[in-house]
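Novice: Handing you a structure now.
The values are calculated or read from the model by the stated rules, or taken from the named source; none is laboratory data. Keep in mind the model is a prediction, meaning the values are calculated, not measured. Cβ atoms come from the backbone with ideal geometry, glycine included; neighbour counts cover every protein chain shown. Remember, those area values only see protein heavy atoms, side chains included, never the ligands or the DNA or RNA. Shrake-Rupley method; radii C 1.70, N 1.55, O 1.52, S 1.80 Å.
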Amino acid sequence: MPISIFPVTPGFVAEIGDVDLSRPLDADTLQAVRGAFATYAVLVFPAQTLTSEQHLAFASNFGPLEVTIQRALRNEKLRVRKEFADIANMDAEGKLWKKDARIRLFQMGNRLWHTDSSFKAPSAHASLLYARSVAPIGGHTEFSDLRAACDALPASLKARLPGLIAEHSLIYSRRKLGFTSFTPEEEAAFAPVRRPLLRRIPESGRETLYIASHIGRIAGITDAQTEALLAELVAHATQRQFVYTHRWRVGDLVMWDNRCTMHRGTEFEDTRWPRDLQRATTSDRLDAFGVSEKPSALAANY
Ligand code: OGA
Ligand code: MN
């Protein structure tokens, strides 16, 4: 039976039905999913029942699996396998984080508009986030379509972008939250990576912005100009017409293309409600300039 593709928005988000991700997909089904993923940069697969292994097996159809940055953080014991980014609000013993826990402040970075692993080399291609438990209210995830936002840029703003190269680092996004206490090892692990502000997606041929809160500098302009330009681009790209809000249900697997979207988690009472989401992430085989890339220390070590 062919998969069902149900557009949620005309060209950004689709729900995919009639597919069981716990089983290996045949070649036709996989091709249909890939085709949908080239058109829609966010795919929602509702009502899935997945073990960690099944989740990772489906993810690995879309490239090599990343390993979590949490291993680079001081004193963090992993709750889930190292191939997952742990998007839950609890520690390895399953206890909710305390208000002032270091990891809680660090993970607040997910509330800023970002794209996953733009600060790694290679950067991320697909993220596949699976919901095991959700908060009763709040705790949604919002997505912004950077292809549509790029198409709609005012000409005078767009004319300033070709050739601009941004530096991405986790240190920059965390600094925006007032989180500045990194160990020398963490500073080294999160050394900035250079990425163009504009790029083209090979599968669709579409041009896109490539922006994130991880950007701290843009080569050739001042830090104040960088901040102003980034604020202008993020404000443009997160206007209502470019944004989809996903309200989670247990069993949803949501997959997005990090090369041409941003996302952020919305607030919820995270010291009250458990919210257990786990993300598998695949690496881009090409760098943002379209050439294959030597792994950075971060990718090699983790
Ligand atoms: C992510 C992410 C935000 C959230 O999974 O990469 O940033 O809490 N999630 O929904
Ligand atoms: Mn993220």
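Novice: Keeping to region 260-292, report how many residues are away from ligand 1 (no atom under 16 Å from the Cβ) and part of a strand (DSSP E or B).
Specialist: Residues flagged as away from ligand 1 (no atom under 16 Å from the Cβ) and part of a strand (DSSP E or B) within region 260-292 amount to 2.
Novice: Would a scan of region 19-35 turn up a residue that is buried (at least 17 other Cβ atoms within 10 Å of the Cβ), within 16 Å of ligand 2 (Cβ to nearest atom) and in a loop (DSSP other than H, G, I, E, B)?
Specialist: The answer is no, given that none of the residues of region 19-35 is buried (at least 17 other Cβ atoms within 10 Å of the Cβ), within 16 Å of ligand 2 (Cβ to nearest atom) and in a loop (DSSP other than H, G, I, E, B).
Novice: Also, quick follow-up: If you scan region 41-57, which residues turn out to be touching a Lys or Arg at 6+ places or on another chain (Cβ under 7 Å) and either over 29 Å from R147 (Cβ atoms) or in a helix (DSSP H, G or I) (or both)?
Specialist: S52
Novice: Looking for something part of a helix (DSSP H, G or I), within 12 Å of ligand 1 (Cβ to nearest atom) and more than 20 Å from V80 (Cα to Cα) - is there at least one such residue anywhere in region 123-141?
Specialist: No, region 123-141 contains no residue that is part of a helix (DSSP H, G or I), within 12 Å of ligand 1 (Cβ to nearest atom) and more than 20 Å from V80 (Cα to Cα).
Novice: Which of the residues that make up region 209-237 are in a loop (DSSP other than H, G, I, E, B) and either charged (D, E, K, R) or open to solvent by less than 40 Å² (accessible area, probe 1.4 Å) (or both)?
Specialist: Correct list: Y210, I211, A212, S213, H214.
Novice: For region 94-144, give me the residue count where each residue is aliphatic (A, V, I, L, M) and buried (at least 20 other Cβ atoms within 10 Å of the Cβ).
Specialist: First pass over region 94-144, keeping only residues aliphatic (A, V, I, L, M): 96, 101, 103, 105, 108, 112, 121, 124, 126, 128-129, 131, 134-135, 137.
Checking the rest, the ones that are also buried (at least 20 other Cβ atoms within 10 Å of the Cβ) come to 121, 124, 126, 128-129, 131, 134.
Residues meeting the conditions: 7.
Novice: Further, regarding this structure: Filter region 73-88 down to residues that are open to solvent by less than 30 Å² (accessible area, probe 1.4 Å) and within 23 Å of I171 (Cβ to Cβ) and give me whichever is nearest to ligand 2 (Cβ to nearest atom).
Specialist: Applying the filter and picking the extreme gives A85.
Novice: Among the residues of region 69-116, which ones are polar (S, T, N, Q) and closer than 22 Å to Y210 by Cβ?
Specialist: If the condition is that a residue be polar (S, T, N, Q) and closer than 22 Å to Y210 by Cβ, then N110, T115 are the ones that fit.
Novice: Of the conditions (1) of a type outside the set (S, T, Y); (2) under 22 Å from the mean Cα position of the chain (by Cα); (3) within 14 Å of ligand 1 (Cβ to nearest atom), I165 clears all except one; give me its number.
Specialist: Evaluating I165 over (1) of a type outside the set (S, T, Y); (2) under 22 Å from the mean Cα position of the chain (by Cα); (3) within 14 Å of ligand 1 (Cβ to nearest atom) leaves (3) as the failure.
Novice: Here are R247, R206, R194: which of them is of a type in the set (K, R) and either open to solvent by less than 50 Å² (accessible area, probe 1.4 Å) or in contact with a helix residue (DSSP H, G or I) (Cβ under 7 Å, 6 or more places away or on another chain) (or both)?
Specialist: Details: R247 fails: either open to solvent by less than 50 Å² (accessible area, probe 1.4 Å) or in contact with a helix residue (DSSP H, G or I) (Cβ under 7 Å, 6 or more places away or on another chain) (or both); R194 fails: either open to solvent by less than 50 Å² (accessible area, probe 1.4 Å) or in contact with a helix residue (DSSP H, G or I) (Cβ under 7 Å, 6 or more places away or on another chain) (or both).
Of the residues listed, the single one that is of a type in the set (K, R) and either open to solvent by less than 50 Å² (accessible area, probe 1.4 Å) or in contact with a helix residue (DSSP H, G or I) (Cβ under 7 Å, 6 or more places away or on another chain) (or both) is R206.
Novice: Would you point out the residue of region 250-277, among those that are surrounded by 16 or more Cβ atoms within 10 Å (Cβ to Cβ) and more than 29 Å from E203 (Cβ to Cβ), that is farthest from ligand 2 (Cβ to nearest atom)? Even if it seems obvious, please write down each step before you answer.
Specialist: Taking region 250-277 and keeping what is surrounded by 16 or more Cβ atoms within 10 Å (Cβ to Cβ), we get 252-265, 268, 270, 273, 275-277.
Narrowing the set further to residues that are more than 29 Å from E203 (Cβ to Cβ) leaves 268, 270, 273, 275-276.
Working: F268: 16, D270: 16, W273: 20, R275: 14, D276: 16 Å.
Looking at the filtered set, the residue picked out is W273.
Novice: So, one more: Could you grab me the full set of residues in region 58-72 that are part of a loop (DSSP other than H, G, I, E, B) and crowded, with 18+ Cβ neighbours inside 10 Å?
Specialist: E66, V67, T68
Novice: Would region 155-167 turn up any residue that is assigned to a loop (DSSP other than H, G, I, E, B) and within 14 Å of ligand 2 (Cβ to nearest atom)?
Specialist: There is no residue in region 155-167 that is assigned to a loop (DSSP other than H, G, I, E, B) and within 14 Å of ligand 2 (Cβ to nearest atom).
Novice: Given the residues K82, K99, which is the only one that is among the basic types (K, R), under 18 Å from the mean Cα position of the chain (by Cα) and within 25 Å of E187 (Cα to Cα)?
Specialist: Working: K99 fails: under 18 Å from the mean Cα position of the chain (by Cα).
Among K82, K99, only K82 is among the basic types (K, R), under 18 Å from the mean Cα position of the chain (by Cα) and within 25 Å of E187 (Cα to Cα).
Novice: Using beta carbons and a limit of 9 Å, which pairs, at least six apart or on different chains, have the first residue in region 278-290 and within 24 Å of V134 (Cα to Cα) and the second one among the basic types (K, R) and more than 15 Å from ligand 2 (Cβ to nearest atom)?
Specialist: The qualifying pairs are Q278/R81; Q278/R132.
Novice: State all residues of region 82-103 that are away from ligand 1 (no atom under 12 Å from the Cβ) and either touching a residue at least 12 places away in the same chain (Cβ under 8 Å) or not in a loop (DSSP other than H, G, I, E, B) (or both); if no residue qualifies, say none.
Specialist: K82, E83, M90, D91, A92, G94, L96, W97, K98, K99, R102, I103, listed by residue number.
Novice: Among the residues of region 168-182, write down those that are outside any helix (DSSP H, G or I) and either within 14 Å of ligand 2 (Cβ to nearest atom) or open to solvent by 10 Å² or more (accessible area, probe 1.4 Å) (or both).
Specialist: Just the residues of region 168-182 that are outside any helix (DSSP H, G or I), to begin with: 168-169, 176-182.
The answer is H168, K176, L177, G178, F179, T180, S181, F182.
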